[in-house]
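Every number in this text was worked out from the coordinates using simple rules, so none of it is lab data. All of these numbers come straight from a predicted model, not from anything done at the bench. Positions of Cβ are generated from backbone atoms using ideal geometry, with glycine treated the same way; all protein chains shown enter the neighbour counts.
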Amino acid sequence: MTSASFLLNGVRVELEGTDPHVTLLDLVRERGLTGTKEGCAEGDCGACTVVVRETTHPVQSSALPSAYRAINGCLALAAQLPGAEVWTVEGVIDTGLGAVKAATELHPVQEAIATTGGSQCGFCTPGFVMTMVASYYSPMVTDEQSGDPGGEVLAGNLCRCTGYRALRAVATLTSGAGSVDGSVGTDRFARRLHDPVVGAVTAGLGSAVVAYRPSTLAESIARLASEPGLRVIAGATDVGVEITRGFRRYEGILSLDAIRDPIFSNCSRAEWSITIGAGVTMTALEDFLRDGGAPLARHMLPWFASRQIRNRATVGGNLMTASPIGDMSPVWLAHGAVALIGGRSGIREVRVSDFFTGYRQTAVGADELLVALRVDDDVVPRGGRRVEWVRKVARRNRVDISTVATAFMVLLDGNERVVSARLAYGGVAATPLRAIGAEDALIGAVWRNGDGHVADARARLGSAFAPLSDHRGSASYRQRLITGLFDACLAETATGSDR
Ligand SMILES: Cc1cc2nc3c(=O)[nH]c(=O)nc-3n(C[C@H](O)[C@H](O)[C@H](O)COP(=O)(O)OP(=O)(O)OC[C@H]3O[C@@H](n4cnc5c(N)ncnc54)[C@H](O)[C@@H]3O)c2cc1C
Ligand code: FES
Ligand code: FES
């Protein structure tokens, strides 16, 4: 494979000269592979879902060198494609490009959808098939909070004909069926999992709009300093929407997804802390945290977007959007995390509590990159315990932006007295924030309703923020959520009869 090309259903596609803004969805459909559909062009509906085979991320637990991941074709940009291996619905039932075989040779997932009546008008069906094909080859990530594993797999796919019951049943039954204890089955997709993948290569696309894809942080930072007009992308789940829905075009693109410096692309554990690379995807983070660390992140991640988005969205991209309603920002605030910011003179540290400098603004300079986050352990006081609590309130259960999101980390001693408290909120101000006054009032409080300090903290929460009204919720609704969520946390986590 030449550097600026990718594999589409096993056939090489040249990218040289391609505008880096072009989406994978468009590239696929231009080649007559129209099974992949455009529904929303912003990552919401899943009709554009395709599968990529990727090198297993170093932080992930799989023993295999590669894994299939469902992604949204509408948000993956040509700049990110060199070296990729992409499969569309045509490739799943076919050994060549586009020629359909007999129905008896359907993939087991397709067979199951067909026999359970899981497809009606069929517009969304290819997207559902591809999401389930990816999960067929990897054990299902169950979401114990929802008790709805099929729903978890399919959260990123919409079907307006409401075939959900059958589709969820199929997702539950087929998820992981092609993979047993890390050793996979024998079909042609399963066999491929044993082969290494070319993986992201550092090819830039030489078109009228230049795209760079360096393999090191140093090169990326140098490029940023020498060409300040470049638009940085990581997973492009945010920037992709600017391009597809906002019709934005940039002078040039600097893609970070081929960087291999471990501090950026890996997670690591030290005795009292973990470090999470800014280039780590949410899926890889979920996998890493199964062995412990950053419990608030572990609780929030299942509610973050969909599997397709989590397969691409990075920890760094999320923080850098500085969205007041980003879900992970309250999590990192409540963990007291530290951002590692890289520039030409090295790496500097900024607490996440000082990271957001204004509406959608951060402490990262124009010639700097966010490199990693460090999360120090909140050590439980002797005989005490840790209250770890997150809640995301949105209009839809899944794949929706928060109205208000909270993350609380409270350390209690053996007498249930508060030793330290971090109460972080998103959706209540121009930036994600901690309620410092209420946190201070809690110190020494007995963690239960009726304690005077707790009542004081609650009163302070009531005036801590001045939320705005928007289409996600009125200011007064948000105001009620600020104290209501604190009450809910207390009710769920306080012990004894005074809950
Ligand atoms: C359908 C859908 C659902 C979503 N749901 C959620 C949700 O539930 N919760 C939530 O919080 N967000 C959600 N998002 C928003 C988005 O997916 C996340 O914010 C995501 O983590 C962004 O990461 P990314 O790698 O894709 O960023 P990109 O889109 O690649 O980049 C985002 C911004 O960060 C900058 N950037 C990226 N990496 C770096 C770096 N290392 N250093 C400096 N700058 C950098 C880019 O220049 C850009 O300004 C959703 C988006 C979509 C499309
Ligand atoms: S077209 Fe809707 S998610 Fe891509
Ligand atoms: S089968 Fe018609 S939209 Fe899903």
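Values for this structure:
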quantity: Phi to ³J(HN,Hα) by Karplus 6.51 cos²θ - 1.76 cosθ + 1.60 over region 375-392, Hz, x for Gly, Pro; calculated: 10, 7, 5, 8, 6, 5, x, 3, x, x, 7, 10, 9, 10, 8, 10, 8, 10
quantity: Charge dipole of region 262-376 about the Cα centre (unit charges at C-beta), most positive-ward option of Ala284, Ser323, Ile309; calculated: Ile309
quantity: Compactness of region 385-493 as Cα Rg over 2.2 N^0.38 Å, two decimals; calculated: 1.05
quantity: Surface/4 estimate of mean projected area, convex hull on alpha-carbon atoms of the chain, nm²; calculated: 23.4 nm²
quantity: Karplus-derived HN-Hα couplings along region 332-347 (A = 6.51, B = -1.76, C = 1.60, θ = phi - 60°), whole Hz, x at Gly and Pro; calculated: 5, 4, 6, 7, x, 5, 10, 8, 9, 10, x, x, 5, 9, x, 10
quantity: Net charge dipole size for the chain [Lys, Arg +1 and Asp, Glu -1 on Cβ; Debye, nearest 20]; calculated: 660 debye
quantity: Computed [θ] at 222 nm, helices only, for the chain once each DSSP H run of length n ≥ 4 contributes -39500 (n - 2.57); calculated: -7500 deg cm²/dmol
quantity: Within-12-Å neighbourhood charge of Leu205 [Cβ basis; K, R +1; D, E -1]; calculated: -2
quantity: FRET E, pair Arg31, Arg344, Förster distance 51 Å, beta-carbon r, rounded to 0.05; calculated: 0.75
quantity: J(HN,Hα) series, region 74-84, from Karplus relation 6.51 cos²θ - 1.76 cosθ + 1.60, nearest Hz, glycine and proline x; calculated: 6, 10, 7, 9, 3, 4, 9, 8, x, x, 6
quantity: Charge-dipole axis of the chain as Lys and Arg at +1 and Asp and Glu at -1 on Cβ define it, positive-most pick from Val170, Ala455, Ser402; calculated: Ala455
quantity: Proxy reagent accessibility, fewest Cβ within 10 Å first, across Met328, Met132; calculated: Met328, Met132
quantity: Principal axis dimensions, region 262-376 - Cα atoms, whole angstrom, descending; calculated: 34, 32, 24
quantity: Longest exposed-site-free window of the chain, the sites being GluC sites (Glu not before Pro) in a DSSP loop that have at most 11 other C-beta atoms within 10 Å; calculated: 272-499
quantity: Distant-in-sequence amide H partners of Leu254 (H built 1.01 Å from N, under 5 Å); calculated: Tyr212, Arg231, Val232, Ile233
quantity: log₁₀ of I(q)/I(0) at q = 0.13, 0.15, 0.27 Å⁻¹ - region 205-255, Debye sum with one point per alpha carbon; calculated: -0.30, -0.40, -1.12
quantity: Dipole of region 205-255, positive end: most advanced residue of Val239, Ala211, Ala222 [Cβ charges, Cα centre]; calculated: Val239
quantity: Spacing of the two label points (7 Å from each Cα toward its C-beta) at Thr357 and Ser62, in nm; calculated: 4.0 nm
quantity: Evaluated over region 320-447, the Cα radius of gyration and Dmax, each in Å; calculated: 15.9, 49
